[in-house]
1. Look through segment A:278-301, keep the residues that are within 22 Å of A:ALA120 (Cβ to Cβ) and part of a helix (DSSP H, G or I), and return whichever of them is least open to solvent (accessible area, probe 1.4 Å).
2. Can you pull out the residues in segment A:34-62 that are of a type in the set (S, T, N, Q) and in a loop (DSSP other than H, G, I, E, B)?
3. Is at least one residue of segment A:470-481 over 23 Å from C:VAL105 (Cα atoms), modelled with pLDDT of 95 or more and within 14 Å of chain C (Cβ to nearest Cβ)?
4. Any idea which of B:ASP169, B:ASP224 is touching a Leu at 6+ places or on another chain (Cβ under 6 Å), open to solvent by 10 Å² or more (accessible area, probe 1.4 Å) and away from chain C (no Cβ under 14 Å)?
5. Give the residues of segment A:94-145 that are of a type in the set (D, E, K, R) and within 15 Å of A:LEU378 (Cβ to Cβ), sorted by residue number.
6. Could you grab me the full set of residues in segment B:268-293 that are of a type outside the set (Val, Ile, Thr), outside any helix (DSSP H, G or I) and more than 23 Å from B:ARG12 (Cα to Cα)?
7. Criterion first (within 8 Å of chain B (Cβ to nearest Cβ), modelled with pLDDT of 90 or more and either surrounded by 15 or more Cβ atoms within 10 Å (Cβ to Cβ) or not in a helix (DSSP H, G or I) (or both)) does C:VAL268 satisfy it?
8. Given A:VAL447, A:VAL433, A:VAL410, which one is part of a loop (DSSP other than H, G, I, E, B) and either open to solvent by less than 10 Å² (accessible area, probe 1.4 Å) or more than 18 Å from A:ASP483 (Cα to Cα) (or both)?
Amino acid sequence: MLEHDVLVIGAGLAGMRAAIAARAEGASVAIISKVHPVRSHSNAAQGGINAALTDRGDGWEDHAYDTVKGSDYLGDQDAIEVMCQSAGQALIDMEHFGVTFNRDDEGKLGTRAFGGQRRARTFFVGDFTGQAMLHVMFEQLIKSGVRRYEEWFVTGLIEEDGRVCGVTALEIRTGQVFVIRSKTVIFCTGGLGRLFEPSTNALIVTGDGMALAYNAGAQLMDMEMVQYHPTTLAGSGVLISEAARGEGAYLLDKNGERFMERYAPNMMELASRDVVSRAEQTELNAGNGVNGCVYLDCRHLGKALIMEKLSQIREIGIDLAGVDMITDTIPIRPGMHYMMGGIKTDVDGQTNLPGVYAAGECACVSVHGGNRLGANSLLDTIVFGQRSGVHAAQACRDQEYIEFDVEQAVRREERRIQEVIDRPQNGDRVGSVRLAMGESMNRNLAVYRDEAGMLETMHDLRGLKEKYTRVPVDNKNRVFNTDLVFALELGFMLDCAETIAVSALERKDSRGAQARTDYPNRDDENWMKHIVAVKGEEGPEISYSPVSITRWTPEERKY
Amino acid sequence: MKYAFFPGCVSRGGCPELYPAAKLICQRLDIELQEMPGASCTGAGVLQEKNEFLGDTLNARTFAMAEDLGLPIMTICSTCQGVMSQANHRMKSNPEYLAKVNVELAEEGLEYKGNAEPKHLLWILIEDYGLDKLESLITKPLAGIRLAPFYGCYILRPTDALDFQDNPDRQSSLERLIETLGATVVDFAGKTRCCGFPILTINEKNSMAMVGKHTAEAKDLGADAMVTPCPLCHLNLDAFQPKASAQAQRSIDLPIIHMPQAIGLAMGISPKDLGLQRHIVSTKALITKLGVAAG
Amino acid sequence: MDVTFKIKRYDPEVEAPESYWQDFSLTLDDSATVLDGLIKIREDMDGTLSLRCSCRSAICGSCAMRINGHAGLACKMQVRLALDDDNVIIIEPAGVMPVVKDLVVDFDMFWSKIMEVDPYLRPEGTEPDAEYIASNEAMLHLSGVTACIMCGACVSDCTVMEVDPTFLGPAALAKAYRFTADPRDGDAQGVSRDRLEALNEPTGMWDCTRCAECVEVCPKGVAPMDRIMALREQAINAGFDNTYGARHAEAFSNSLEHSGQLDELRLVPNTVGVFNLPVLLNMAPEALRALTHGKLPPIIHKKIENADRVRKLFRRVEDPDRS
């Protein structure tokens, strides 16, 4: 019988941090991931992690204000306070774990400037901070002795008497279905970038946890808040880090002009991401780009700096677009990158479902509100990963395992999976259904939105969901059947997509990442609130949740 | 064409047939060789394990001597080539480092100015001499002979130190040479792998496994002989073939010849003058197949 | 461009499974990577093709495989640079590790070797309240090694692991170096003696044959072999100088110091110990054959011209008192 006090689903930064923290509390902990932990998408975070260190004369309140403003006042200030207060210690913990952060001349942790912040408080490892942190976290996970289910795919949550008591999972290597019993689960499954085409996100980022939680009755909040990153590479959509702009790079239109002058005269290229993305999109719509792109210019930074601090993105430019940023400009455009919305939680990761937690990108506490500042996500993962792990472990102490018919649960899931495998060919393919969804989402739920466009996508999604119930797979076997995994992921993606479209239609103002041409202004009187989606009979049902305001009154947002 | 000749240690030590064979064919090719009796061993990568800077300094010394002679350097050993190229790459890409090296050389009144481009005879033939010109000197093409190329790690990797980007033909140089000599190339997976010589005294079992694997593979694919531009590889593949064969519990009997010997045979030089009788694995069958007198 | 992907496939679920080749013809953009092609195949043509891939940007390490015989990341390899004269690319699963299905290999042995080197920071002494003080130079040096994304390309093409899977291997050894070179790991001087001692054992740092395959195929510039050489230097400096490997380097060095050239005859006895009869007798047949074939190096070892200059150079560079 596979059973653990705490089951962490997802082994990125948030998941591994939660697992380590839960283990330290003495719980029996397991972590399950559909890829090996070091393949997790946390790897792709490039720029750095924010923290206000008091010995630098920085204060958490400044960081918190920048974050609140960055969120376009939709972020919950109590949660933001918790995150910014915890940041310093969280950063030092990472350094003690062994992360090889850049240093200043005195050998102390060094910083770089980053978007939306008035002082430099982004700590970094070259331009591969996420990879550096992820691998160190994996080292600590090994040290902690947490049980790892590597390349196991969670296919469903098991509920008994309205309470989640375990999961069904597919061991990808063998194709066998298992049940894992647990007292608590912590979703750390990341974002949902593959709903959009293109996206900076890896192929594995398919909103699994958000969909699983949603289907079990969890609240999804702020789903309309989808971040489009200003600098994604032409073609593949791969991320070109904000770090480039942090080090001084310019954004140029086709005439070589720094157009940010007209949109954010103070912070220029380092205004918050939604502001920059909208600026770019406006310029592109006005015909000031080339082949749908504007340019990132790093040439004046010099070879030495680029090789020391931006080497990875230089490689990406060379390998994927044939440009060397030492001598060329890089063609970029806004691309889908991050999900501010997600499973609604409190500051300890608790959701509305007893025993179910969430942390990291898949969660919405909300610390990012309508727009996330760069380098706040890495911070979010480790602060709330830790808090969730601790809380879940403590909650287990007075809990027993819930009894249920494990054999039956396995059989049921087995049958469901076999049904998918047995479907006859009908001309549709998983890949083409996903692509249709991705293109529709990128057309109508991107930087600028309007009602007609969003309704069109709602319509598209309905049709695709119907196709989905019959979409076949080529691989009729079980060993490493990635075809099957993609089909199951597509189901999760379509569920999430629906909640995004419904929430975006519901919000009739422009705030943070949502920019509606039919409601172009921020309307604090009516829309200073979170939009919450819960699964209903006919689809997502909307309700609202108030924004926590502690010390910063919402004001007009200018950079 | 004139070169500062750097034969390396093994071509006069454990593979003493190589040095005279190399000189002999250079004579035929009208390539003049100027020895550098004051030049030391390259360190073969072994010295570099203990002290990389010291190794680089020794090689810079050799480069400086060649610069003073005003001649480019020719090597006849893959290992010498690779070690020299790596040392050169480090010094050329970092002027501060080169300056540090030159501080040591100054004690002897030497200075390396950074212009050396040591080249293996194999590369010289492909790039400077020309295979067409070589072909015109082939009087006894090795028709019907199946030769398996074995490069030796140091002449293949790492490619940036060996300038493969600017000289992509180096990747397949040995195979094209074999074809120019009139023989058929036996393509096999082991041609770019390691002979195991560096770990001979450290892990004999693995070293012998590597020798056995690559020679057996070539033999099973019908090779009459294996040809290599590296005398260290030759030592392992030839002198230790009986041991490897015993460990693999199968017969191999694949003669291993040096690159200059292969060229010499195609030029009609006698096997005896090329030292083929010295090899541990008998070359008699090869000589018979060539249809020449052993000399 | 119209290209052919020639892929080595394997299905463990058929009766009597064995690997087979399958050709796929496809049309790709000029800027396409090998991974773009593979994804196109599995999405549009044949969903049974199994491979691991995720980030598409050389950071997750999932898609290591052999392309035209050499290991690399499929997402980093441009198709137009990998085509042969017939517009064919040959794609096989990574080497050394057993194949699970198609291009998916079993990474268990890879990870077990990583685990063997205790891959987490082990500082001795008390932890400071704030960060450990360390130079940027030290951190930049380490970042060159932590750049490793555990893709397995080095292991795939390691010429030692090809014949001996018990060798710790380039990935694990580079990972070990990441810690021995970290000033925060080990004692107050940053020396991690117990790590070096463990790595000095058979299957450890001295079993690398210096073939540079790992340096060549690593997609992140980690250069595992160079790290292994650095480990050797660290081990010798820490006083672990009694392995055959260390003695070999020492004997080689002494030979050059005294004569400027390698004294091959004496190298073996000096490496294994002049009284090490079992090992020396083991080499006797080779020595005898060399003697009868006129290949034994001369007993009287010749020095190079002006060998004293080389000796002086050695003394100067190796002087322990020099800064």
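The values are calculated or read from the model by the stated rules, or taken from the named source; none is laboratory data. Since the structure is predicted, the reported quantities are computational estimates derived from the model, not experimental observations. Cβ: placed from backbone, ideal geometry, glycine included. Neighbour counts: every protein chain shown. Areas reflect the complete protein model, heavy atoms only, side chains present, ligands, DNA and RNA absent. Shrake-Rupley method; radii C 1.70, N 1.55, O 1.52, S 1.80 Å.
1. Restricting to residues being within 22 Å of A:ALA120 (Cβ to Cβ) and part of a helix (DSSP H, G or I), the top hit is A:LEU301.
2. Matches in segment A:34-62: A:SER40, A:GLN46.
3. Checked against the condition, which is being over 23 Å from C:VAL105 (Cα atoms), modelled with pLDDT of 95 or more and within 14 Å of chain C (Cβ to nearest Cβ), segment A:470-481 yields at least one hit.
4. B:ASP224
5. If the condition is that a residue be of a type in the set (D, E, K, R) and within 15 Å of A:LEU378 (Cβ to Cβ), then A:GLU95, A:ARG112, A:ARG121, A:ASP127 are the ones that fit.
6. B:GLY268, B:GLY291, B:ALA293
7. Criteria not met by C:VAL268.
8. Unique residue meeting the criteria: A:VAL447.
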